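Here is the structure we will look at.
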Amino acid sequence: MRTKLILAFAAILALFACTPKIESTVPAKVVKGVIVTETPAREKGQESALQLTCEPIETVRIGFVGMGGRGNSALKRYFHIDNIEIAALCDIYPEKVASANARVQEAGFPAAKEYSGEDGYKALCADPDIDLVYITTDWLPHTTIAVCAMENGKHTAIEVPAAMNLEECWALVNTAEKTRRHCMMLENCVYDFFESSCLNMAQQGLLGEIYYAEGAYIHNLDYHWPIYTNNWRLDYNYRYRGDNYPTHGLGPVCQALDIHRGDRMKTLIAMDTRSYKGLEAARELMGVDTFANGEHTSTLIRTEKEKMINIQHNVYASRPYSRLYQLLGTEGLVEKYPLPGFVALDSEVLKDKAGIDIPGLETEKYAPEEVRDRLLKDFRPEIIKEIEEKARMVGGHGGMDYVMDYRLIYCLRNGLPLDMDVYDAAEWSCLIELTRLSLEYQLPVAVPDFTRGDWNKIDGYSYAVKE
Ligand SMILES: NC(=O)c1ccc[n+]([C@@H]2O[C@H](COP(=O)([O-])OP(=O)(O)OC[C@H]3O[C@@H](n4cnc5c(N)ncnc54)[C@H](O)[C@@H]3O)[C@@H](O)[C@H]2O)c1
C-alpha cells in the first residue's frame, strides 16, 4: 500500500515537472498535450457582435491616425470615394500631419483638423465630428487606438494585423461587443480580383468541398526595412518568433472555408527555420547579434470540420513575392502563384454547377489561360464588378485596396454588416501569439473561439448588399 502511494505521488510530481508553465498574454495551460488559452467570460451587458448592424451614416467623417506610407496611400484612395469627409489627420509627428494635410488641400478638399503627439489619437477619438477612426500606424498601437475609438462611440478600421497578441484580440472583441461599434481589419487581399473570383467559384461549388487551403506572406523586405518609421518592423521581428504577419495569407482562405460561418480553426502547430537574412539585416541596422524570428515559418491549422490550412511567413526570402493562395476541393483546384494563377476544373462540374459549357477540362491539367481568364471574369462577384474599372484606375495593390475602402464606406452608409467583422480581425491576428507559443513550447495550440460558441450560427460567408 505504502509503495503504491509513493508511486502515485511520484507520478503526479513527474506530471507537474513535464508540464511547462506557459508564458502568454492570457492564462494558458497544457491539456492533453495541447496548449489551451483561457476564454474570458462575457461581461454584463456585452453580447455577440455577429452580423452587427448600426445606424446608416450619410456622409462618413473619417479621422486618419498614422500618416506614414500606408496612411498617405489610404488618403489618396479616399480622394476618389464619394460621401466621405477627410475630417482629421493624426500622427506623432506634426510635420507628417501638415504635409498630408497640404496634399488634401492640393487635391481640392477642405483642410482637415490636425492632431499630433503621443496622445494626439485620444483627442481625435474624442472629436464629436468623426464617425470612423482609420488606423494606419505601426503594429504596436493598433489595438490601443481602436479600443479608444470604440469607447468614444466611433467605428474603427485597423491596418493589418489588427492585434499583436491574444490579450489584444480579446480587447477588440470585448470592446466591439460592449460598445456595439464596428471594428474591421483592413485586410485588402480578400478583395484581390483573383481571390474574390475564386471565392465565388468555390461558393458556386466548382471545387466541390474544399478540404485544404494555403496562404502566405512571402516577401523580401530588404529594401523596406530602413523605410519603416523608427525601425518598428525589423525591431518586432528581432524580438518575436512566430508568424508575425499572417493575415494576408489567412484572410482569403478563411472566407473560402467559412471560418466562424460554419467552421472554425481548432488547433495549430508551427515550425520554423533558423534566421539568416533577418539576422544579417538586424546586425547591419540594429547592431545586434540575435534575431528571434525564423527565416521561414510554416503553420498547419486543422479546423473543426477536419479541413487543413497551411500558412507560411518569410519576409527575408531571396525569391519572388508569393501569397501562395491555393484552394483544393474534391472537384478541383485554384492557385494563384507563381503568377498569374491557375485553375484546374472539370467540364462536367462546370456545366452542372454554373451552366458554362467548356468541353475538355479535366482536373489533372491546368485549364488553358484563356479559359482561366474567362472564368475569373465570369465569376467576379457583383460587388466588385460594379467598381472594378474605377478600382483599377485608382489603384492600391492593383485596385484591391480601393475595393476594400469602397465596401467599408458602402456598408457604413447603408447600415449593413461589414465584410469583415471583429471576429475575423481576432481570428486572423491571433496566429501571431499562437504560433510563437507553438514554436517556443514545441506543442500544438488550441485556437480560441472568439465568437464564444456562435461559430456555426451563420450559414457561409457572404457580402451584405442593400435590398
Ligand atoms: N495592407 C497592406 O497591404 C499593407 C501594406 C503596408 C503596410 N501595412 C500596414 O500598415 C501599417 C503602417 O505601415 P507603414 O508602412 O505605413 O509604416 P510607416 O512607418 O510608414 O508609418 C507608420 C506611421 O504611424 C505613425 N505612428 C506611430 N504610432 C503612432 C501613434 N501612437 N499615433 C499617431 N501616429 C503614430 C508613425 O509616426 C508613422 O508616421 C502597418 O500596420 C503595416 O502592417 C499594410
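The values are calculated or read from the model by the stated rules, or taken from the named source; none is laboratory data. Treat the numbers as computed from the prediction; the structure is a model and nothing was measured. Neighbour counts run over all protein chains shown; Cβ positions are idealised from the backbone, glycine included.
Against the test of being within 24 Å of the chain's Cα centre (by Cα) and surrounded by fewer than 20 Cβ atoms within 10 Å (Cβ to Cβ), the options D138, D127 yield a single qualifying residue, D138. Selection of the stretch 26-38 for residues being exposed (fewer than 15 other Cβ atoms within 10 Å of the Cβ), of a type outside the set (G, A, S) and part of a loop (DSSP other than H, G, I, E, B) yields P27, K32, E38. A single member of I86, I130, I135 is of a type in the set (A, V, I, L, M) and within 11 Å of the ligand (Cβ to nearest atom), and it is I135. The single condition from (1) within 30 Å of R241 (Cβ to Cβ); (2) within 16 Å of the ligand (Cβ to nearest atom); (3) buried (at least 17 other Cβ atoms within 10 Å of the Cβ); (4) not charged (D, E, K, R) that P448 fails is (2). Among the residues of the stretch 172-197, the one identified as within 16 Å of the ligand (Cβ to nearest atom), in a helix (DSSP H, G or I) and more than 24 Å from E335 (Cα to Cα) is L172.
Annotation note: Cβ proximity below 7 Å between a residue of the stretch 69-84 that is more than 23 Å from E386 (Cβ to Cβ) and a residue that is within 16 Å of the ligand (Cβ to nearest atom) and of a type in the set (S, T, N, Q) (sequence gap 6+ or interchain) occurs for R70/T136; G71/T136. Starting from residues that are among the hydroxyl-bearing types (S, T, Y) and surrounded by 15 or more Cβ atoms within 10 Å (Cβ to Cβ), keep the ones in the stretch 277-310 and report whichever is farthest from E209 (Cα to Cα). Looking at residues that are among the hydroxyl-bearing types (S, T, Y) and surrounded by 15 or more Cβ atoms within 10 Å (Cβ to Cβ), I get T297. P110 fails exactly one of the following numbered conditions: (1) within 9 Å of the ligand (Cβ to nearest atom); (2) surrounded by fewer than 19 Cβ atoms within 10 Å (Cβ to Cβ); (3) over 25 Å from the mean Cα position of the chain (by Cα). What is the number of that condition? All conditions are met except number (1).
Every residue, every condition in (1) in the same structural domain as A354 (by TED's automatic domain parsing); (2) surrounded by fewer than 23 Cβ atoms within 10 Å (Cβ to Cβ); (3) within 15 Å of the chain's Cα centre (by Cα); (4) in a helix (DSSP H, G or I), yes or no:
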{"position": "R392", "(1), (2), (3), (4)": "no, yes, no, yes"}
{"position": "Y402", "(1), (2), (3), (4)": "no, no, no, yes"}
{"position": "A426", "(1), (2), (3), (4)": "yes, no, yes, yes"}
{"position": "I432", "(1), (2), (3), (4)": "yes, no, yes, yes"}
{"position": "R436", "(1), (2), (3), (4)": "yes, no, no, yes"}
{"position": "K457", "(1), (2), (3), (4)": "no, yes, no, no"}
{"position": "Y461", "(1), (2), (3), (4)": "no, yes, no, no"}
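Comparison of E209, E214 shows that the only residue that is surrounded by fewer than 23 Cβ atoms within 10 Å (Cβ to Cβ), over 29 Å from V26 (Cβ atoms) and touching a strand residue (DSSP E or B) at 6+ places or on another chain (Cβ under 7 Å) is E209.
Being assigned to a loop (DSSP other than H, G, I, E, B), crowded, with 23+ Cβ neighbours inside 10 Å and within 15 Å of the ligand (Cβ to nearest atom) is the requirement here; does N237 meet it? Walk me through how you get there before you give the answer.
On the way: assigned to a loop (DSSP other than H, G, I, E, B): no; crowded, with 23+ Cβ neighbours inside 10 Å: yes; within 15 Å of the ligand (Cβ to nearest atom): yes.
When the stated conditions are applied, N237 does not pass them.
Selection over the stretch 217-234 of residues that are more than 10 Å from the ligand (Cβ to nearest atom), crowded, with 16+ Cβ neighbours inside 10 Å and free of Cβ contacts under 8 Å to residues at least 60 places away in the same chain gives a count of 1.
Mind checking which residues of the stretch 240-281 are more than 16 Å from the ligand (Cβ to nearest atom) and assigned to a loop (DSSP other than H, G, I, E, B)? Residues satisfying the conditions are R241, L257, D258, H260, R261, G262, R264, T273, R274, S275, Y276. Does at least one position in the stretch 287-298 carry a residue that is in contact with a strand residue (DSSP E or B) (Cβ under 9 Å, 6 or more places away or on another chain) and closer than 24 Å to D421 by Cα? Checked against the condition, which is being in contact with a strand residue (DSSP E or B) (Cβ under 9 Å, 6 or more places away or on another chain) and closer than 24 Å to D421 by Cα, the stretch 287-298 yields no hits at all.
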